[in-house]
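Heads up: the structure comes next, in structure tokens.
The values are calculated or read from the model by the stated rules, or taken from the named source; none is laboratory data. None of the values given here were measured: they were computed from a predicted structure. With ideal geometry, Cβ positions are generated from the backbone for all residues, glycine too; neighbour counts draw on all protein chains shown. Quick note on the areas: whole protein, heavy atoms, side chains included, nothing else; ligands and nucleic acids left out. Shrake-Rupley method; radii C 1.70, N 1.55, O 1.52, S 1.80 Å.
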Amino acid sequence: MDADRTHPDGVAFVEGAYVPIAEARIPILDRGFVRSDATYDVAHVWRGRFFRLDDHLGRFEANVEALRMTLPHSCAEIVEILMGCVRRSGLRDAYVQMTCTRGLPNPGSRDPRLSVNRFYAFAVPFIWIAPEESRRRGVKLLISARERIPPATLDPRIKNFQWLDMTMAMYEAYELGAELPVLIDRDGNLTEGPGFNVFVLQGGRLATPASGVFEGMTRRTVFELCAETNVECEARDVPAGDLAGADEVFLSSTAGGIIGVSAVNGGTLGDGAPGPLTTRLHDLYWSKKEAGWLGTPVDYGA
Ligand SMILES: Cc1ncc(COP(=O)(O)O)c(C=O)c1O
């Protein structure tokens, strides 16, 4: 690709080469596409620095191994590729995805062991799970009637492309006047939503679902911010019925950080705006990141 200019729409790394995002293609027979046979991770760059890059790579490598795949690159090479995507895009705030797919099938066979696993990556402008106006006001959340796929079927700690439960729950939320859904488990406990974990404040104690969820990097960050500021925070079962009467509810995601909730199932939550603890954690998260906390600078060259 043209080395003399940046590509603010994004840059991908496909089959060993960097390409502008609009030109990135994967082979149609890759099992990542036809079977959702893949794992991925999403890191982000904020003000020119990756946030928790090593933690994202560690999680990604563990998930690749859990799916019995082998990365075609070392960890150091992946860092270089991710940096290469961001550098070529020129983006200071970016959403950066790394993906390992099972790869192409052996002709005439369905045996996944015969596929050679593939690595893809891309950097695009930072993505938010909710627009600015909703983030400021607090997102309107729907407790979906839909169950999240059970952990015994698919371990949600392995980040995966099985998103149809969440995509259909998004339609349910839109149809009922909400902006985002949170899905439940078979016992009526909260799980997670499309791209985020959920936290609930009741009686001064913060809780987030312990199981049936992806253990988000932002969720981990919230635990750390709570420990630093002496806020009690635990992972446990959270009955979905607790949400509407909670003092505060917020979402955590790489795609937006800490995002307050102002309404649940059409009913106003608290004062109908992100609550004081949510606001405090939100401000701390962004100010620490602006100051370079857990950051790895991108070398943009001259
Ligand atoms: C299903 C699901 N849960 C939770 C999260 C939040 O994880 P993180 O904080 O690492 O972005 C994501 C992120 O994409 C997700 O897809």
Residues of the range 157-178 satisfying the condition of being touching a Pro at 6+ places or on another chain (Cβ under 9 Å), part of a loop (DSSP other than H, G, I, E, B) and over 17 Å from residue 35 (Cα atoms):
157
Does the range 203-225 hold any residues that are more than 14 Å from the ligand (Cβ to nearest atom) and open to solvent by less than 20 Å² (accessible area, probe 1.4 Å), and which are they?
206, 207
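A quick yes/no check of all residues on (1) open to solvent by less than 10 Å² (accessible area, probe 1.4 Å); (2) near the ligand (Cβ under 10 Å from one of its atoms); (3) in a loop (DSSP other than H, G, I, E, B):
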position	(1), (2), (3)
227	no, no, no
230	no, no, yes
250	yes, no, no
278	yes, no, no
288	no, no, no
292	no, no, yes
For the range 160-193, which positions are among the charged types (D, E, K, R), in contact (Cβ under 8 Å) with a residue 40 or more places away in the chain and under 16 Å from residue 211 (Cβ atoms)?
187, 192
Looking only at the range 184-202, filter to residues that are within 15 Å of the ligand (Cβ to nearest atom) and part of a loop (DSSP other than H, G, I, E, B); which one of those is farthest from residue 265 (Cα to Cα)?
195
Residue identified as open to solvent by 30 Å² or more (accessible area, probe 1.4 Å) and aromatic (Phe, Trp, Tyr) among 51, 33, 60, 13
33
Residues of the range 172-183 satisfying the condition of being small (Gly, Ala, Ser) and within 12 Å of the ligand (Cβ to nearest atom):
none
